[in-house]
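Input: a single structure, listed below in structure tokens.
The values are calculated or read from the model by the stated rules, or taken from the named source; none is laboratory data. Everything quoted here is computed from the prediction, not taken from an experiment. A quick note on method: Cβ atoms are made from the backbone with ideal geometry, for glycine too, and the neighbour counts reach across all protein chains shown. For accessibility, only protein heavy atoms count, side chains too; no ligands or nucleic acids. Shrake-Rupley method; radii C 1.70, N 1.55, O 1.52, S 1.80 Å.
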Amino acid sequence: MGHGASRLRRIVREVAKFGAVGGAGVLVNLAVFNLVRHTTDLQVVRASVIATVVAIVFNYVGFRYFTYRDRDKSRRTREMTLFLLFSAVGLVIENGVLYAATYGFGWNTPLQNNVFKFLGIGVATLFRFWSYRSWVFRALPAREGDPAPVLRNEPAVPPKTKQRVP
């Protein structure tokens, strides 16, 4: 199998793991959002910001220890700072969509709140995937002479060696 095919397989696996953590994060986000909305008198966007923050914490744990567990762990302070920075931008994107729908267009029923919350999550997710992959959970640089990285559950191909003939 060529280098391009194994790279594509790694990217597909990364997207699947990102999607699994992100999907669980969406459920956490929407559950906390609806819980806060129905148990408090907070305005819709404030409830959404609380839910987004809870989901950000949930997602960091999932991304660090599941999706990107094989990535560079040597600079955690930098990683956490960038994660929080890009997550804050995602929070603004996500809640900006909800804010525009609620206060700009007056779409403020519980169903509309959830639809636009979900839509905002989707738009912000595109940004987050790019930024987390590019800047936060960076791949370890390949050292000269190292073979291509082997993914877990993928058989390693040993280098060809000359066999001695007795």
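Quick check on my filter: what residues within segment 71-120 are in a loop (DSSP other than H, G, I, E, B) and touching a residue at least 60 places away in the same chain (Cβ under 8 Å)? Please lay out each step first, then the result.
The initial filter retains those residues of segment 71-120 that are in a loop (DSSP other than H, G, I, E, B), namely 71-75, 105-109.
R71, D72, N108 - these are the residues of segment 71-120 that are in a loop (DSSP other than H, G, I, E, B) and touching a residue at least 60 places away in the same chain (Cβ under 8 Å).
Say we look at segment 17-31 and pick out the residues that are buried (at least 17 other Cβ atoms within 10 Å of the Cβ) and of a type in the set (G, A, S); which of these is farthest from F63 (Cα to Cα)?
Once the filter is applied, the top-ranked residue is G25.
Within segment 39-56, identify whether any single residue is under 25 Å from W130 (Cα atoms), free of Cβ contacts under 8 Å to residues at least 12 places away in the same chain and not aromatic (F, W, Y), and answer yes or no.
Within segment 39-56, none of the residues are under 25 Å from W130 (Cα atoms), free of Cβ contacts under 8 Å to residues at least 12 places away in the same chain and not aromatic (F, W, Y).
Can you name the number of the only condition in (1) surrounded by 14 or more Cβ atoms within 10 Å (Cβ to Cβ); (2) farther than 26 Å from F137 by Cα; (3) among the acidic types (D, E) that E14 fails?
Only one criterion is unmet by E14, namely (2).
When the residues of segment 115-133 are filtered to those that are open to solvent by less than 40 Å² (accessible area, probe 1.4 Å) and farther than 19 Å from T67 by Cβ, which remaining residue is farthest from the chain's Cα centre (by Cα)? First the steps, then the outcome.
Step one: list which residues in segment 115-133 are open to solvent by less than 40 Å² (accessible area, probe 1.4 Å), which gives 117, 120-122, 124, 128, 131-132.
If we keep only those that are farther than 19 Å from T67 by Cβ too, we end up with 117, 120.
Working: K117: 17, G120: 15 Å.
Filtering segment 115-133 for residues that are open to solvent by less than 40 Å² (accessible area, probe 1.4 Å) and farther than 19 Å from T67 by Cβ, the one farthest from the chain's Cα centre (by Cα) comes out as K117.
V15 - would you say it is part of a helix (DSSP H, G or I), of a type outside the set (G, A, S), under 16 Å from F127 (Cβ atoms) and in the same structural domain as G120 (by the TED database)?
no
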